[in-house]
1. Across the range 5-41, what is the total count of residues that are at positive phi, among the small types (G, A, S) and without any contact (Cβ under 8 Å) to a residue 40 or more places away in the chain?
2. Filtering the range 56-74 down to residues that are over 20 Å from I10 (Cβ atoms) and part of a loop (DSSP other than H, G, I, E, B), which residue is modelled with the lowest pLDDT?
3. Specify the residue that is surrounded by the most Cβ atoms within 10 Å (Cβ to Cβ); the eligible residues are those in the range 165-194 that are without any contact (Cβ under 8 Å) to a residue 24 or more places away in the chain and within 15 Å of P149 (Cα to Cα).
4. State all residues of the range 128-142 that are farther than 18 Å from R26 by Cα and at pLDDT below 90; if no residue qualifies, say none.
5. Please count how many residues of the range 75-86 are of a type in the set (G, A, S) and part of a loop (DSSP other than H, G, I, E, B).
6. Determine if the range 106-115 includes at least one residue that is under 19 Å from the mean Cα position of the chain (by Cα), modelled with pLDDT of 95 or more and crowded, with 17+ Cβ neighbours inside 10 Å.
7. Quick one: how many residues across the range 87-107 are in a helix (DSSP H, G or I) and touching a residue at least 40 places away in the same chain (Cβ under 8 Å)?
8. Looking at the range 67-93, which of its residues are surrounded by 14 or more Cβ atoms within 10 Å (Cβ to Cβ), of a type outside the set (A, V, I, L, M, F, W, C) and either under 25 Å from S132 (Cα atoms) or in contact with a strand residue (DSSP E or B) (Cβ under 7 Å, 6 or more places away or on another chain) (or both)?
Amino acid sequence: MKYYPICLDISNRRCVVIGGGDVAERKVMRLLECGADVVVAGKKLNQKLEAMKNDGKIGHIAADYGEEYIRDAFMVIGATDSDDVNERIYRDAGKMGILVNIVDDPARCDFILPSLFQQGDLQIAVSTGGKSPALAKRLREEMEERYGPEYKTLLDIMGAVREKVIARGHPPEENRRLFESLINSEILQYIREKNWKKVRKVIYDLVGENVDIAELDR
């Protein structure tokens, strides 16, 4: 099966996780990081999920799975240790047209979750099409070593530069050349060295804009 890669906005969307153990906890954490409205269905919650419930971070349905719990969901993740329950979740979500993922069961998934590496707003996802999560994890760990926090800083700078450049109203092709010249400059090395004077100079020389990076200079 070929999966269609996509970055999905789930902010304020109702996402239901079935199960209350450690696997469910990991899925809940990523959903919360993306701003989802998370509800967990399961008689028992592990310690961290219980704390999240008590802090008002997640909703909780203290009962075994029932199809009524997913009726208004945007997305459902099945994280139970029961094959029968997971099959019911998969079939019920399919009937309702709801996106569903059954953990470690690609055949019962509308989508699979990649191994994710993140530096600020920079996200690099690795997927093996469900064939080898272990390999995806290995590749992610290699990227963690290669792409350090300087890439987060570079992305923040590029975002600030982009706003100023786009506001000038020049043709997109001209803007693209400016962005590429900045990316291909020595700016990344200067960021690694925390040489903010040279960072500012490169930006001004190539783009003709002053960017406030005072917070990076602390």
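1. 1
2. D64
3. Among residues in the range 165-194 that are without any contact (Cβ under 8 Å) to a residue 24 or more places away in the chain and within 15 Å of P149 (Cα to Cα), the one surrounded by the most Cβ atoms within 10 Å (Cβ to Cβ) is Y190.
4. Matches in the range 128-142: T128, G129, K131, S132.
5. The number of residues fulfilling the criteria is 2.
6. So far as the range 106-115 goes, no, none of its residues is under 19 Å from the mean Cα position of the chain (by Cα), modelled with pLDDT of 95 or more and crowded, with 17+ Cβ neighbours inside 10 Å.
7. Residues in the range 87-107 being in a helix (DSSP H, G or I) and touching a residue at least 40 places away in the same chain (Cβ under 8 Å): 2 in total.
8. Listed by number, the residues that qualify are Y69, G78, T80, S82, N86, E87, Y90.
The values are calculated or read from the model by the stated rules, or taken from the named source; none is laboratory data. Only a predicted model underlies this, so the values are computations on that prediction, with no experimental measurement involved. FYI the Cβ positions are ideal-geometry reconstructions off the backbone, even for glycines, and counts take in every protein chain you see.
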